[in-house]
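Each reported figure results from applying straightforward, stated rules to the coordinates on display, with no laboratory input. What you see is a predicted model, and the numbers here were worked out from it, not measured in a lab. No Cβ is skipped: glycine too gets one built from the backbone with ideal geometry, and neighbour counts run over all protein chains shown.
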Protein chains: 2
Amino acid sequence: MEELIGLREGSSGKPVTLQELWGPCPHLRRTIRGGLEWLKQKLFRVGEDWYFLMTLGVLMALISFAMSFAVGRVVRAHNWLYREIGDSHLLRYLSWMVYPVALVSFSSGFSQSITPFSGGSGIPELKTILSGVVLEDYLDIKNFGAKVVGLTCTLATGSTIFLGKVGPFVHLTVMIAAYLGRVRTKAIGETENKIKQNEMLVAAAAVGVATVFAAPFSGVLFSIEVMSSHFSVWDYWRGFFAATCGAFMFRLLAVFNSEQETITSLYKTNFRADVPFDLPEIFFFVAVGAICGILSCAYLFCQRTFLTFVKTNPLTSKLLATSKPLYSALAALVLASITYPPGVGRFMASRLSMKQHLDSLFDNNSWALMTRNSSPPWPKELDPQNLWFEWYHPQFTIFGTLAFFLVMKFWMLILATTIPMPAGYFMPIFIFGAAIGRLIGEALSLAFPEGIVAGGVVNPIMPGGYAVAGAAAFSGAVTHTISTALLAFELTGQIVHALPVLMAVLMANAIAQSCQPSFYDGTIIVKKLPYLPWIRCRKISSHRVIVEHFMNRAITTLAKDTPLEEVVKVVTSTDSAEYPLVESTESQILVGTMQRAHLVQALQVEPPSWAPGHQQCLQDILAGGCPMEPVTLQLSPETSLHQAHNLFELLNIQSLFVTSRGRAVGSVSWVELKKAISNVTNPPAPK
Amino acid sequence: MEELIGLREGSSGKPVTLQELWGPCPHLRRTIRGGLEWLKQKLFRVGEDWYFLMTLGVLMALISFAMSFAVGRVVRAHNWLYREIGDSHLLRYLSWMVYPVALVSFSSGFSQSITPFSGGSGIPELKTILSGVVLEDYLDIKNFGAKVVGLTCTLATGSTIFLGKVGPFVHLTVMIAAYLGRVRTKAIGETENKIKQNEMLVAAAAVGVATVFAAPFSGVLFSIEVMSSHFSVWDYWRGFFAATCGAFMFRLLAVFNSEQETITSLYKTNFRADVPFDLPEIFFFVAVGAICGILSCAYLFCQRTFLTFVKTNPLTSKLLATSKPLYSALAALVLASITYPPGVGRFMASRLSMKQHLDSLFDNNSWALMTRNSSPPWPKELDPQNLWFEWYHPQFTIFGTLAFFLVMKFWMLILATTIPMPAGYFMPIFIFGAAIGRLIGEALSLAFPEGIVAGGVVNPIMPGGYAVAGAAAFSGAVTHTISTALLAFELTGQIVHALPVLMAVLMANAIAQSCQPSFYDGTIIVKKLPYLPWIRCRKISSHRVIVEHFMNRAITTLAKDTPLEEVVKVVTSTDSAEYPLVESTESQILVGTMQRAHLVQALQVEPPSWAPGHQQCLQDILAGGCPMEPVTLQLSPETSLHQAHNLFELLNIQSLFVTSRGRAVGSVSWVELKKAISNVTNPPAPK
């Protein structure tokens, strides 16, 4: 194809080839080509990881948006039905109740029939997975469909069941990341690597939060705080990149869908920015934090107790074991009946959707002051311009409805968390906190109707600011995180209450962390998943505890010269997953580890060389091809507890052998570490 | 003292004792006492660390505020002098110039005379310390005075020298934390622990940033990103607590000093919140990020080159070695002459202080549109209501002044960083970035004077938003951090540009990180401090590199049966700080390590038992009391590079021995790791 067509003749009379025609400046072209090559290399040097993360972010944003879209349509249909069905109370009640009951039982039945892992939020299990435990099939892509459909149904029940999206969405994102990771490793022909995979899953968790709330900063920080105890700055950057891609895409779709003019926050507030609060109010903000902390302890305790009760009570446990949809339907029936608007629901603003709950609670006017002299009517239909009318009742006043809302939602939320279907528990907690803050804020605005005068300027109190603080503090206390403060700012699009909200969150966390395990840790405890606690005690004396003090000395080693009968005896009498292999019975020098499964397999196969008179020993099995794994890390008896704990957490290890001068002298696993940590935190009474 | 006084007689006729009189309800009192005891225990169980952190935060806020106060007074005096001195150009020039020259040469001379460590920002050195290297005396409290006085003088020169406060303030905070830590360990009679101490220093760094900017969130995140590569969530919480205490106290003092009505952000902006930007503007925000990224690479390259030039050039290096104040005075003279307002300074808004620079650049009006038809006069005095008049010149227009400002400050900033005195380099970079963003924003607002129309609504472009994005992106690119985006929001008190600013920062970081080391890493390289690079390559193949491939095999072991002559020979011929001690020359089983210093000491002392005919060996020295340190951690040849790197970074280790089956077979230190990392990132060409 070098000289295909002679199109026209050049000045020299020779026919000009196509190549010459298109290549008049070989030097310039070479430079450009070199430049492009360099750019390509540069872009690929940044690493294919970035492309992977971007794909993940965009994909999850699409799924999140599609889900919101579908949910919106279902909710709109439900509202239409409820509005149009006529004034008969029975019909209205039925139309109000049938929807959630049907959706919840379908969600529960459908998702559970496909996979038993699809219930709940999934964050506790992810936390366990990210700490290195292998939960078989939990990240399998086949769970994806079940969780998506189930979650959509759950969300479509709206504020009746009052559950959210975050937890399952994080689980979905991590599933997709694991799947994409497998696809990628297959495509480029590499073998999978566990560390590499974990890096991606950490970033995926951030994407999950970010695409639900369109909040990249708090998405990253929240997922870090909830999921891990150590993390690398590199993972944090990776998370930021993916979360930004996801959040941007998610909001972009909203703009394209004409939901809004431009990219803004989800629950935009309109607080006064010049003097958002007065200095003395800081005290009340901290008080809100303290109250949220105390209430969160009560909530966590009741929630855990009730969950255990449901699991152990013969009636409910049988119901949950045999017919989950029935249990779900019953629970949904209770919840829907209570929230029926013309009934009890009238006193707890149950016509509002969850988004409207937040929008109304973050309102910057003081309802107490506005209803002091005039009482607004209870509109027959929801008034989108004055959502807060729903919170007002002529006899109860807004204080009554807010307090009633808190009391009822407290146990309703606990009941809802026991329904075995995909559902997130963060959003309801966030709204609950906002209601606590709003109640206190309204009380304050009524107590100081003139506002707090400072420096000659009168500044009325904004109860909305307290609602923001309450939401951040309560959700922070329940989940044991601080980044909820940042989440509150990103969701509202205003950061004017930065310091007071942060102080409230810190106060709430101080109380909650010293009294109760977090919501996720509590679930881990109830579900009996393995976990490694933190060393809460930071006394200097705790740094003196070393591995020698707490390691498990009773280890069974297999030596290369152990006779096979002995090996068989060891394998049948113990049940460790792996055995330390030592050089000889005498020296006990650690050489590697052997998987129990491999050993059993090798023992079942008849050894190929059978020489009479020669006693078979482990060495022969090893020579016969039974794999031995090298020891990549080992502890010394002098390693400190803190160092060992750091190692276990950072490298996601479940057990390590302890060697002294090369001899295997013990082992340390989560069990020993847990015992040592509890000894350090609550030292045993001296005998 | 049981029945001291019988005051009056009870109903039973028996005299009532004082104890009974004051103790009518023994049960209630016991309960109350029990409750108080419980509360006390609870409060102390939360850990004395919290009290320590609070003290640190409050103390640093006081120092920060006092410093700002003193600086404010000096600057006001300077302004007064400059204003009152009359119209003679010579006198005015002298009054403008003498102040900074005197202050800078005093700052340089005073601080350098007390300690040579007080120059620069201190962050590179802190980074090295936190990674486990011991820099003698760097955190000594005697540096404190030098640094405080020096920094105050530096800041008092104002925008003439154009330097900031963050870096040295972080250094000051860490110094105070180290000192308080020593006091505390002495007070409670504990021995010092290195891990414990490091935990506190990490939190202290966060306090440093937070008390300068009153920004707890970004204070914590920025210090994490700059200082470490791994961190625990526990440290992050600790940092938040301390930073919040510091930031709150700092702003509280400002309120008490009547500087403001209530607690607000430092550089409050007033952007339109309903539609802060239009969707297509996202593209321009990312472009601002890209431009900032490219400029930051140029800046970092020039800065490092010039620093090396100053250190190697015979003239400047001699000047710096012998008379630092003279060099400083000369540099200050150049900088002050250029910024003289009636001269060249007229074209670069040099009458503004650094705070006013930021305030004016973040202005929410478009100067280009405002000066299109009318030109404001250049006021004889600075007009505090219209700071932006300073940026306008009838012939140059604002584009000319902004561009001139950027060009001049580029090299002036590089010159200023070479002055050997305590100074921070973050703030000038932040302002520089804001000017870049402003310039682009103004150009856009002139290009699209009608704003970008979307959805039928006309939204004029706000150049202030671009200034925020530019400030965050440029400072983020120079320091290789992302949290500068959050800092921009906390400083301005508005988070309306959340996504575009974050995208600009990510873009700038992507460019800067792939081309240049960060400002702090660059300084570490120029100052030849030890450092451990990151593994930038995250390819799956990099996970297959194991310790065996890169460890140093040429280690000199000392066996217990090594004759003393041999030991002397080893000690004199090599210069390692510690030697691995093995069981015997034959077995090479690693037992522990011996410090070179201890060994030398022991060899100098005549051994007590001298039996003729018995050859003295190392065993005798050990028996004689020469200390041997146990091995707490050891690598295996099969440990992967990533694992080893994690271990080194997380546990702040400088070198580890590698054992295989108990035998010491090699060692890995930063040198080997660096080599392995560079091999992984840029694989050597196959031979």
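A convex hull fitted around the alpha carbon atoms of chain B yields 287 Å³ per residue. Among the trypsin sites (Lys or Arg not before Pro) within the range A:340-404, those in coil by DSSP and having at most 13 neighbouring Cβ atoms inside 10 Å are A:Arg372, A:Lys380. Using C-alpha pairs below 8 Å separated by at least 6 residues, the relative contact order for chain A is 15 percent. For A:Lys40, the lysines whose Cα comes closer than 19 Å to its Cα, not counting residues fewer than 8 places off in the same chain, are B:Lys539. With contributions of -39500 (n - 2.57) from each DSSP H run of at least four residues, the per-residue ellipticity at 222 nm computed over chain A stands at -19500 deg cm²/dmol.
Under the classification rounded if a/c is under 1.5, otherwise prolate if a/b is larger than b/c and oblate if not, where does the protein assembly as shown fall, given a ≥ b ≥ c as square roots of the Cα gyration tensor eigenvalues? It comes out rounded by the Cα gyration axes. For the residue pairs A:Lys194/A:Lys569; A:Lys127/A:Lys147; B:Lys127/B:Lys194; A:Lys674/B:Lys186; B:Lys194/B:Lys528, the alpha carbons lie more than 22 Å apart in A:Lys194/A:Lys569; A:Lys674/B:Lys186; B:Lys194/B:Lys528.
The Cα center of the range A:207-261 and the Cα center of the range A:426-491 differ in position by 24 Å.
Near A:Lys165, within a Cβ-to-Cβ distance under 14 Å, what is the net charge of the other residues, with Lys and Arg +1 and Asp and Glu -1?
Once all neighbours under 14 Å are counted, the net charge is +2.
Prolate is the label for the range B:386-465. Its Cα gyration tensor axes, ordered a ≥ b ≥ c, give a/c of at least 1.5 and a/b above b/c.
For B:Thr185 and A:Lys675, what is the calculated FRET efficiency with R₀ set at 25 Å and r taken between the beta-carbons, to the nearest 0.05?
After rounding, the FRET efficiency stands at 0.35.
In chain B, the longest principal axis of the Cα atoms and the axis of helix B:670-681 are about 60 degrees apart. Distance to the A-onto-B rotation axis is smallest for one chain A Cβ; residue and value in angstrom are A:Gly662, 1. Under 5 Å from the amide H of A:Ser584 lie the amide H atoms of A:Lys560, A:Ile589, each residue being 5 or more positions distant or on a separate chain, with H modelled from the backbone and absent for Pro and chain starts. Under 18 Å of direct C-alpha separation, and excluding same-chain neighbours fewer than eight residues apart, B:Lys268 reaches these lysines: B:Lys355. Would you pull out the residues with amide H under 5 Å of B:His230's amide H, same chain only if 5 or more places away, H placed 1.01 Å from N? Here the answer is A:Val233, since their amide H atoms fall under 5 Å of that of B:His230. Averaged over peptide A:476-484, the number of partner chain Cβ atoms lying within 10 Å of each residue's Cβ comes to 2.
The long axis of helix A:498-515 is offset from the longest Cα principal axis of chain A by roughly 60 degrees. Angle check, please: helix B:641-650 long axis (alpha carbons) against the longest principal axis of chain B (alpha carbons), in degrees 0 to 90, nearest 10. Tilt of helix B:641-650: around 80 degrees. Please work out the C-alpha center-to-center distance from the range B:142-181 to the range A:565-600 and express it in whole Å. Value for the Cα centre distance between the two parts: 60 Å.
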